[in-house]
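Reading through the structure tokens given below for one structure.
What follows draws every value from the coordinates through simple rules; no lab data is involved. Worth saying up front: this structure is predicted, and the values here are computed from it rather than measured. No Cβ is skipped: glycine too gets one built from the backbone with ideal geometry, and neighbour counts run over all protein chains shown.
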Amino acid sequence: MVKINFLTGSLALRNNRTGVHEYHHQLISEISKIEQDYVVSCYDTESNLTSKIDNLSDYIYHDHILYSNKLVRVLSYLFPIELFFGKANIYVCDGLIPRTIFRGKRIAIIFDLMVKRYPENYSYIKKLYLNYYFHRCKKADAIVVDSECTKADVVSFLGIPEDKIHVAYCGCEIQECSDSHYDLAPRSYLLYIGDMRPNKNLLNALRAFKIVLQKIPYLKFVIAGSKSGEYQKLVNYVNKNNLTTSVLFLGYVTNKEKFWLLKNAYALLFVSQYEGFGIPVIEAGLSGTPVVTSNVSSLREIGQNASILVNQNDPLSIANGVESLQDESTRIAVIANQIEKYGVYTWEKTAQAVEEVVRLLSK
């Protein structure tokens, strides 16, 4: 029997999960339905996690969690992983490719190579950490990525052979959404969900929105996500261009709030410069909301022949994409195409793809 150790518990075990955290949580949850002999290792104590996470005991993999502490995280870079979490045949890794005593096989997860494409957006320490991880990925027995775009980047930037890399796309789990406390009428607002790092290209999105207001003056632009990155620059643009009554910064929203916002939006506006995958595009598409997104990276890979693809560097192109949805026949066609294409992205299929990698390494 093959024993799997998910060294990703500290990423999966949290209340406010973003895309990477959701991927790890859902992957462990789905593989727990396939595999019996597995553990989930984390760098925190049981009492601390129990106090921080709502309903931890309800997690499907709760009884398989191995607790430790933050010091173990540091020591794991120096000493074999078996000293802290015991022996396993397969280690699923993100952020740390461990040394092993018993030559367990290691599967490295890579979501994007943003730090290679946009190093200027990272602090010196963050670059050091990420580049060390990617260097260590060359020691892994297999690489799992979230798109063909990321696979191509791993080959190009890291020089890892293509046959060592396996695609396990992100999934999507649509949640029911009840009434919201937001005072927003259906189809009265554009929506963006995510952080505010420079690659998210929100300044061009705002420039495009200003153009859109000339033809659709009632429309608002709702920006949901952590107020970090370029937040202050965005606020300054909004204030300078008299958009304060039209642009709403909501900060972090819960899953229920997110799906209410997605379901009722005029469109999702997601014109990032680069994404490893882009989960909000799938979530919006399967919520029955049109998506206007970039014609680059994984967004083109996912959105082609479904969502509206635009030139993310051209505010006028973005604005034209948004305005095209005023035509009801265009809107209906986009929604139908998205639902048909995006339905294949499930967490069950993500787990099946990773399970196939486990099977190959276990031969």
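Long-range amide H contacts for Val222: which residues qualify at under 5 Å (H placed 1.01 Å from N, peptide plane, sequence gap of 5 or more or a different chain)?
Residues meeting the amide H criterion: Leu190, Leu191, Tyr192, Leu248.
Any chance you could run the full-extension gain for Thr100 through Ser226? It's 0.36 nm times the residue separation minus the Cα-Cα distance, nm to one decimal.
41.6 nm
Which length gain, in nm to one decimal place, applies between Ser47 and Ser329 when the Cα-Cα distance is subtracted from 0.36 nm times their residue separation?
Length difference between fully extended and current span is 96.0 nm.
Take each of the peptides 244-253, 44-53, average the number of other beta-carbon atoms within 10 Å over its residues, and list them starting from the highest.
Per-residue mean Cβ counts within 10 Å order the peptides as 244-253, 44-53.
Consider a paramagnetic label point 7 Å from the Cα of Lys233 along Cα→Cβ; state which residues of the stretch 121-148 have an amide N under 18 Å from it.
Within reach of a label on Lys233: 121-124, 127.
Please list the helices of the chain that count as membrane-span-like by this rule: a mean Kyte-Doolittle hydropathy of at least -1.0 together with Cα atoms stretching 20 Å or more along the helix axis, each helix being a complete DSSP H run.
328-342, 347-361
Give the relative contact order (percent, whole number) for the stretch 1-122; include only Cα pairs under 8 Å separated by 6+ residues.
Relative contact order, the stretch 1-122: 27 percent.
Of the listed pairs Lys33/Lys127; Lys87/Lys164; Lys126/Lys164; Lys200/Lys258; Lys70/Lys256; Lys105/Lys256, which have alpha-carbon separations greater than 28 Å here?
Pairs exceeding 28 Å: Lys33/Lys127; Lys70/Lys256; Lys105/Lys256.
At 0.36 nm per residue, minus the direct Cα-Cα distance, what do Asn15 and Glu173 gain on full extension? Give it in nm, one decimal, please.
55.3 nm
What's the Cα-based Rg to Rh of the chain, Rh via Kirkwood?
Here Rg/Rh amounts to 0.98.
Per residue, how big is the convex hull around the C-alpha atoms of the stretch 189-342? Give it to me in cubic angstrom, could you?
So the per-residue hull volume is 94 Å³.
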